[in-house]
Amino acid sequence: MGEFKINQYTKSGELFQRAVKVIPGGVYGHLGPSEGCAIPISAYPIFADRAQGAYFWDVDGNRFVDYMCAYGPNILGYNDPDVDAAAAAQLKRGNCTTVPGDVLVPFAELLVDTVEMADWAFFAKNGGDVTSFAVMIARQATQRKKILMLKGSYHGVAPWTQKYGYGGIIYEDVCNNLYCKFNDIEDFKRVVEENKGEIACFITTPYHHPIFEDNALPNENWYKEVRKICDENGIVLIFDDIRCGFRLDVKGSDYHYGVKADLECFCKALANGYNVSALCGIQALKGYATDVYYTGSYWMSAEPFAAGIACIKKMREMEIHKALKAKGEKLQSGLKEVAASNGFDLIISGEPAMWFMRLNNDYTTMVHQEWVAECVKRGVFFTSHHNHFINAALSDEDIQFTLDVADEAYKAVRKNRPDFH
Ligand SMILES: Cc1ncc(COP(=O)(O)O)c(C=O)c1O
């Protein structure tokens, strides 16, 4: 018997049986067991009961140190008291009203003051709302059709972001998409030359964080060259900062990597889980943004704006990206050591605040999946295919707990895999 309790998920299972009867897929999308790659499914919770700080508890009462952070929104810690108080106060005044709450303006002012490249800000709900808006603005500004993006990147679920052959996608949805390789400037140049005068925008994540693959940071000249080629060819440079935003630098991930984007998309960490996304842009594109008709029933909700103001102020004051980096480095060096002490070579890539893990020589990822499942069963929530996230509430004790669980989990895997190295 190991030191840690092994979770049971009876209530999650019962609730999922009810869910599949009335909801397509039971739980759809990346929070569901299928897209979330919960393998084996028996190791994972399906429904949460509550959350606080660095943890969530499932409906069976199991606690998890949560390294997925709701896939990004949890940056300060769940239920941050300052953000929640600002949201509650605004909710009392009004939320979804006929004309927007006055809090819209200071929120935009604060974002413009915080994000280095921003001359203006526009708000919506999800990340995909603002990546699509950014592409529409670029098309309006350039009067061109084509969209250049990285192979393997994710920009949401709007039809243009998907692939031909996926459910519900027709050829015309994606026929203007072009793809290039990250960090390969010759490939970038080739695509631009082959489509001279036809490319509206290059939309890119700040660094490359595909699923199931090592994540890659930009090499030294990548953005210098990309910016130059975009300028020479009238291509709008869009940073999709939805996942990295505020975790690398509160001034924007373009600033972090020493480049200035023309449009920058934010969502996840913007309001610590309150429902708002933002597009920031440069002055030269402001008029084109006005030309595009774009809105939604809840896009002017005042409660998330108040939460966003409190969240940004707090992130700025504490220089959150520095804390996240330090916590990430401590955790990741510990995980590598624990793996090595059990004879496993853990490969870590990406930024410390948002790292990706895999095992060396594990070509089918089966061994890594087994380890992740053993961790989850003991109360440390990792995934086997996606980058993870650090939040500011994560304590040294949480990191030590994680390392102890990771050690026991590697030992459990080793029992069944005596020859794997
Ligand atoms: C880089 C990136 N872009 C866009 C999106 C889409 O955001 P949303 O799911 O809020 O529409 C995501 C979501 O994970 C993302 O990580």
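Nothing in this text is a laboratory measurement; each read-out follows from the coordinates by a stated rule. The structure displayed is predicted, hence computed values, not measured ones. For neighbour counting, all protein chains shown are included, and Cβ atoms are generated from backbone atoms with ideal geometry for every residue, glycine included.
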Kindly flag which residue pairs out of K268/K314; K196/K260; K151/K268; K314/K336; K151/K325 have an alpha-carbon separation exceeding 25 Å in this structure. K314/K336; K151/K325
If we sort 228-237, 250-259 on the protection proxy, mean other Cβ atoms within 10 Å, highest first, what's the order? 250-259, 228-237
Counting DSSP beta bridges with both partners in region 81-318, what percentage is antiparallel, nearest 5? 40
Region 205-245-region 91-157 distance, computed between alpha-carbon centres (Å): 18
Quick one: 3J(HN,Hα) in Hz for region 290-296, Karplus 6.51/-1.76/1.60 with θ = phi - 60°, rounded, Gly and Pro as x. 5, 5, 8, 7, 7, 6, x
Quick check on region 128-232: take the gyration tensor over C-alpha atoms, sort the square-rooted eigenvalues as a ≥ b ≥ c, and tell me if it's rounded (a/c under 1.5), prolate or oblate. oblate
Would you please classify the overall shape of region 81-318 from the alpha carbon gyration tensor, given that a ≥ b ≥ c denote the square roots of the eigenvalues, rounded means a/c under 1.5, and beyond that prolate means a/b larger than b/c while oblate covers the rest? prolate
Rounded to the nearest 5, the percent of antiparallel DSSP beta bridges in the chain equals 55
Please list 346-354, 106-114 highest first by mean number of surrounding beta-carbon atoms within 10 Å per residue. 346-354, 106-114
Between K336 and A158, with labels modelled 7 Å along Cα→Cβ, what's the label distance in nm to one decimal, could you check? 3.9
Principal-axis tilt of helix 222-233 within the chain, Cα atoms, nearest 10 degrees: 30
Taking H placed 1.01 Å from N in the peptide plane, check which residues at least 5 places from K146 or on another chain put their amide H under 5 Å from its amide H. A200
Arrange M136, M366 by Cβ neighbour counts within 10 Å, fewest through most, would you? M366, M136
How would you rank R63, R358, R93, going from fewest to most other Cβ atoms within 10 Å of each one's own Cβ? R93, R63, R358
How much net charge surrounds E303 when only other residues with a Cβ under 11 Å from its Cβ are counted (Lys, Arg +1; Asp, Glu -1)? +1
Any idea how far apart L91 and T364 come out in nm if each label point goes 7 Å out from Cα toward Cβ? 4.8
